[in-house]
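Every number here is computed from the coordinates shown, using simple stated rules; none is lab data. Predicted model, so just to flag it, every value in this text is computed and none were measured. Don't worry about glycine lacking a Cβ; one is built from the backbone with ideal geometry, like all the others, and counts go over all protein chains shown.
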Amino acid sequence: MPTIEVTLSDFESLLKEKLDQGKLEDFLEKVKGEVKDFMPETDSTKIELNDTNRPDLWSPEGIARQVRPAEKPWLETYPFFEQKLKPAAQVHISNAVSAVRPYLAACISRNMSVTEPILEQLIQVQEKLADSFGRNRQMVSIGLYRLKKINFPVYYDLVDPERTAFVPLGFETSMTLREIIEKHPKGIAYANTLAGADQFPILKDAGEVEAGDAELFVEVTGTDLRMVTLAINIFAANLADRGADIEAVELHYAQETDFGTVFQTPYDLSEPVTLTLSELNRVLGETVTVDEAVNSLKSYGLDIDTEGEKMTVRAAPYRDDLMHPIDVVEDFAISRGYDSFDPVLPSTFTVGALSEIEQFSDALRHVMTSLGFEEVVSNILGSSEDFIEKMALNPEDKTRPETRIVEIENPMTERFSLLRSWILPSLLRVEGTSSKAFYPHRIFEAGEVARLAPETPDQTETTIQLGALIAHPAANFSELHALLDALFSRLKGAYQLDPATHPSFIPGRFGHIVVDGREVGLIGEIQPAVLDFWQIGMPTAAFELMVEKL
Amino acid sequence: MSEEIELSHLVEALHPLEKQLLKFLADAPVMDDPNIVAHSGLKTTQVSTAVEWLLAKKVIAVSAEEETAMVRLTEIGKKYSSTKNPVLRMAEEILERGEVAIRELQQRNDMEAEEKSRAIGALKSSGAVSVIPGGRFKISDESKLSPFRDLQNVIDLLNEKEGLAPLSDFSNSDQAIIETYHRKRSPSKGIFRVDLEVKRSYEKTALFRPVYEKVASEKVVTTLSELTPEILKDGSWKGKAFRKYNIQLPPPRMGGGALHPYKAFLDQVKTKFISMGFSEMRGPLVESEFWDMDALFMPQFHPAREIHDVYFVKNKPHDNSIPKAMIDRVAAAHENGGESGSRGWRYPFDSDRTRRLILRSQGTSVSARVLGEGPANPGKYFSIARCFRYDQVDATHAPDFFQVEGIVLGEDIHFRTLLGLLTLFAKEVAKADKIKFLPAYFPFTEPSVEMHVRHPQLGWMELGGAGLFRPEVTGPLGVDVPVIAWGLGLDRMAMIALGISDIRDLFSADLGLIREKQCIRRAER
């Protein structure tokens, strides 16, 4: 979610009213934004914008545009969206760029002096759109240039990065394009958009904007025509809000696009959405009239044509988020204010219940506490050190369920790179941390574990297991066996112990717990080497049961 | 409590050993450990127990402590006190029979082989015997046997003192003998052991006299120390009193069974939702991108789906259990809206990637599954699902965490019933007295709402997010009634309830900390 930094004074001049923190917060509610840092003493405020589908709101211009009640239709405020005049400036987009970065959109801004604060804002919009909306420039990147340095028509074409050289901004000497993307900070940031390409798309004839310039050329390049166009539309609207006169640029594509081969940008890509009044009322549980709906939506900046109950709604071209009539319903609700809706409870009756397995697991938890065990809750993520090495397990031995471990492809740290496949390591972790807590220790956890299950369509399984552990100077198999026996007597179930071996347990003091011929768990004394790994200084015995199998 | 009552309580709780010790001390000229052991008629262990008890009750006090070297007989020493030491035993046989074959001495069965060879060696080197032809010993100089006789005297002397006496009780020459034969850190060798022991001397406190007088004036009644099945059976308890306990002594500690405080908190949440008519749903920890995100209309290019946001399963296993028709419908919703009335996200949906496995990143995936499986209509569902996010672990981020969330579906579901349910949650779950709804953004709901509530202790806080599922979510999953999706953030409430400030402590591995938090709360009335 993008966070932007604005100055309150800039915001006030865009909104044409005085602001304080409370008023600012009220405004931000309407754009799903919140103040993260309010610092009036430095005239700076950080705002987080939560709607990832409304990049037009990621600037003070955009927020002001939205929260100011619209007085006239957007086309009157932003006439440049109409494809009327034949633009003087032209850009030719070659066939060759289609393999690398096929789309370009552009506009010209005149008669707005770029002051230092305005330049900062322009750069912020440029970066937010390129980073958050354009996925770190991969899908969209934006360039700002001094108009007077450009001779139209401009050609957008591929060049050989080794052979094309110029003096980049902030450097003294001429570098090849290849050198620039390897050494120049802007070039490095741009490099990920070019991965694998052996020729680079560039705009010939350029120069970066400085404070004091009054005439700008803005271009957006990218991999998606709608996104590129939306970005230039937002930029143009922002500049217009600051008093600039926007001129369109005519684009000549060598290849066919969704908008044709010759068209101009900014470009109205909005598509009408049709909503009936009854649909609006059904979704909201209201009885709104057409007039109320139209007034609210218009003041929210939307264009509406009505035909009886049918409303055809168009958003301004700097928005591209009306995907479904339901989106208009929310705009209406926000425009009217969420607090204007009376909450009511659903009238239908439903019966509540726990899942069968959770009920059973809860019952087991209560039996365990009645047997004197204290419950623990552990994280499920852990390390191979905890789940394999400290358990003395052989990770290659896939016959044991606990070695079928789900591993993470992209762990942030080794400490949390695996899912636990049984509960015992979690309990030993508690034991290893709790030598200062008075003994005896009798602890248990009933919780989820995950394991690979390549033989099933799901490929993995999530099960509930009950692990229990005792540790004190005289803890042994016999004491734990008595407790297990007490647990089974509560379950009214017969079970038997089949002697077996397990690397985490002392040979000759370990067995599988078997019910009706099915293995449902294991029990034994933890072997001293494992206790050493966990730095446990007390004899320890443990059992673990697969709850689904009981 | 009056002094008199206090005194009788104290006397009534006296153990018979304490009374015996009291009576001895009343007239004892010297009140120190050795004297008490020697003359009180109590065994050593009984003395130390009774002394400690009387000290604790402040009837006596320690007047002085001095370190004393104490000599005691080892197991070997005790054996020699009854059978005499091996050298002497052999010498006496030789004296009695005039001469004895060495082979015969070696075959004696009243001592260990090592004892025999050492005794024979000692006899030879003492000069008391001479070897005569035929390998036989005879006593040639009986006076040379005196060191062994002296040794035996020391052993016997110590034995008379019950095998324990201060080193200073012995003459210098005896002390030299003890020095020669005392054990030097080897457990099996040696006849004597010398330990430094603290000898304490005691004095009577002001309490002694009154306590003693009360004890002395007591009628002699046999008290029972324990009630046993035998005593119950034969009725011998009748007419007898039981010794009183000091019930104020600290008991041995035990943990006792207890639910984990955080789980108990979540249990309360579960109960709350069941009481509001919600059914529990469950889903797997390892989830496909389909259920976790695609079915929720999050486009595959969504920023929250990258490797720095979601954990992917190693070796990229793919879930083969998702019905193909459902994948196709979801794909259509993403690409062009399908039949949902939406224009879609307009990008080519990757039907292979959708089956890729990740760690569940949001509890809403459980809701998506339930919608796809055909939920009850009307229906209310909740789940408490463990979720995983690619976050730096710190005081506000646990490696994995629980999300409380769910769905409500039915013909009468709309924006106002959504607000109504959230108001109910705010009151029932958070005990909020004020509530505020704000516009919010979630990719899968429209309209979306964020709920802020005023909690009695916490003040204003964000309690959760909710909305009506978009038609692009419900349609492809085969649900044709409106559905509310809601999620609550309860961890902050849990942390306040448990009095912790670091979210990782909800999953603490420190049993000491867990025990601190195992208290029972009763709802305020």
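So what does the Cα-only Debye profile of the range B:67-113 read at q = 0.19, 0.21 Å⁻¹, as log10 I(q)/I(0), no solvent term?
Here the Debye-derived log intensity ratios amount to -0.68, -0.78.
Taking every Cα atom in the range B:262-516, find the radius of gyration and the maximum pairwise distance Dmax, and write them in Å.
Rg and Dmax of the range B:262-516, Cα atoms, are 18.4, 58 Å.
Would you list the membrane-span-like helices of chain A, meaning whole DSSP H runs whose alpha-carbon atoms span at least 15 Å along their axis and whose mean Kyte-Doolittle value is at least -0.5?
Long hydrophobic helices here: A:116-128, A:225-241, A:325-336, A:356-370, A:477-490.
Under 8 Å for C-alpha pairs, at least 6 residues apart: give me the relative contact order for chain B, rounded to a whole percent.
12
For chain A, calculate the relative contact order in percent as a whole number, restricting contacts to Cα pairs under 8 Å that are 6 or more residues apart.
Across chain A, relative contact order equals 11 percent.
Could you pull out every one of the aspartates and glutamates with an alpha carbon less than 13 Å from that of B:Lys161, ignoring same-chain neighbours closer than 8 positions?
B:Asp169
Quick one: how many lysine pairs does the range B:262-516 have with C-alpha atoms less than 28 Å apart and a gap of 8 or more or different chains? Give me the count, please.
23
Restrict the search to the range B:261-338; then list the GluC sites (Glu not before Pro) that DSSP places in a loop and that have at most 16 other Cβ atoms within 10 Å of their Cβ.
Qualifying residues, ordered by number: B:Glu306.
Tell me, B:Thr228, A:Thr463 in order of fewest to most beta-carbon neighbours within 10 Å?
In increasing order of surrounding Cβ atoms, one gets B:Thr228, A:Thr463.
Among the lysines, which fall within straight-line cross-link reach of A:Lys16, defined as a Cα-Cα distance under 18 Å, with same-chain neighbours fewer than 8 residues apart omitted?
Candidates past the 8-residue exclusion: A:Lys30, A:Lys72.
Which whole-Hz couplings ³J(HN,Hα) result when phi for each residue of the range B:362-375 is put into the Karplus expression 6.51 cos²θ - 1.76 cosθ + 1.60, θ = phi - 60°, listed in order with x for Gly and Pro?
8, x, 4, 4, 5, 4, 4, 4, 5, 4, x, 8, x, x
Could you work out the local net charge near A:Arg415, counting Lys and Arg as +1, Asp and Glu as -1, over the other residues with Cβ closer than 14 Å to its Cβ?
-4
At q = 0.10, 0.15, 0.23, 0.24 Å⁻¹, what is the base-10 log of I(q)/I(0) for the range B:75-190 according to the Debye formula with one equal point scatterer per Cα and no solvent? Please give it to two decimals.
Results for the range B:75-190 at q = 0.10, 0.15, 0.23, 0.24 Å⁻¹ read -0.32, -0.69, -1.37, -1.44.
Which lysines have a Cα less than 25 Å from the Cα of B:Lys240, not counting those fewer than 8 places away in the same chain?
Correct list for B:Lys240: B:Lys19, B:Lys23, B:Lys214, B:Lys219.
Report ³J(HN,Hα) in whole Hz for each residue of the range B:140-152, in order, from the Karplus equation J = 6.51 cos²θ - 1.76 cosθ + 1.60 where θ = phi - 60°; Gly and Pro get x.
After applying 6.51 cos²θ - 1.76 cosθ + 1.60, I find 9, 8, 5, 4, 6, 7, 4, x, 6, 5, 4, 4, 5 Hz.
Considering just Cα atoms, how many Å³ per residue does the convex hull of the range B:434-525 enclose?
Here the figure is 167 Å³ per residue.
So what's the projected area for the range A:273-340, the Cα convex hull averaged over all directions, in nm²?
4.1
Taking H placed 1.01 Å from N in the peptide plane, check which residues at least 5 places from B:Val483 or on another chain put their amide H under 5 Å from its amide H.
The answer is B:Phe469.
So if I restrict to the alpha-carbon atoms in the range A:356-549, what is the Rg, and what is Dmax, the biggest pairwise distance, in Å?
According to the Cα coordinates of the range A:356-549, Rg and Dmax are 15.9, 47 Å.
Report, by chain and number, residues whose modeled amide H sits under 5 Å from the one on A:Gln264, excluding near sequence neighbours (fewer than 5 apart, same chain).
Those lying under 5 Å, H to H, from A:Gln264 are A:Leu251.
Counting only residues 5 or more places away or on other chains, whose amide H sits under 5 Å from the amide H of A:Gly301 once H atoms are built in the peptide plane?
Amide H neighbours of A:Gly301, under 5 Å, 5+ apart: A:Ala70.
Which percent of the Cα-Cα distances in the range A:360-463 go past 21 Å?
Roughly 42 percent, once rounded to a whole number.
How high is the relative contact order of the range B:262-516, given as a whole-number percent (alpha carbon pairs under 8 Å, six or more residues apart)?
20
In degrees, nearest 10, range 0 to 90: what is the angle between the Cα axis of helix B:261-275 and the longest Cα principal axis of chain B?
On a 0 to 90 degree scale, this one is about 40.
Compute the Rg/Rh shape ratio of the range A:330-402: radius of gyration over Kirkwood radius, all on alpha-carbon atoms.
Over the Cα atoms of the range A:330-402, Rg/Rh equals 1.30.
Can you list the HN-Hα couplings for the range B:298-304, worked out from phi with the Karplus curve (6.51, -1.76, 1.60; θ = phi - 60°), rounded to whole Hz and with x for Gly and Pro?
Working through the residues one at a time gives 8, x, 5, 8, 4, x, 7 Hz.
Please list the equivalent ellipsoid semi-axes of the range A:236-359, computed as the square roots of five times the alpha-carbon gyration tensor eigenvalues, in descending order and whole angstrom.
Each semi-axis is the square root of five times an eigenvalue, giving 40, 21, 15 Å.
What value does the range B:241-391 have for Rg/Rh, both radii from Cα atoms and Rh as Kirkwood defines it?
Expressed as Rg/Rh, it is 1.27.
Given the range B:331-382, what whole percent of its Cα pairs are spread farther than 17 Å?
Percentage above 17 Å: 58.
Based only on Cα atoms, what mean projected area does the convex hull of chain B have, in nm²?
If I average the Cα hull's projected area over directions, I get 47.4 nm².
Note down the net charge around B:Leu438, summing +1 for each Lys or Arg and -1 for each Asp or Glu among other residues with Cβ under 11 Å from its Cβ.
-4
Take every Cα-Cα distance within the protein assembly as shown, group them into 10 Å bins from 0 onward, and report for each bin the whole-number percent of pairs it holds.
2, 8, 13, 14, 14, 12, 9, 7, 6, 6, 5, 3, 1, 0, 0
For the range A:1-69, which semi-axes, largest first and in whole Å, follow from the square roots of 5 times the eigenvalues of its Cα gyration tensor?
Sorted largest first and rounded, they come to 17, 14, 10 Å.
Starting from the Kirkwood radius over alpha-carbon pairs of the range A:42-114, derive D by Stokes-Einstein at 37 °C in a medium of 0.692 mPa s and give it in µm² s⁻¹.
Roughly 199 µm²/s, to the nearest whole number.
Sort the following peptides by mean Cβ neighbour count (other Cβ atoms within 10 Å, averaged over residues), highest first: A:308-320, B:49-61.
The packing order, highest mean first, is A:308-320, B:49-61.
Any idea what Rg and Dmax come out to for the range A:91-170 if you just take the C-alpha atoms, in Å?
Just the Cα atoms of the range A:91-170 yield Rg and Dmax of 14.6, 39 Å.
How much of the calculated P(r) for chain A lies past 40 Å, in percent of all Cα pairs?
Result for the distance tail: 52 percent.
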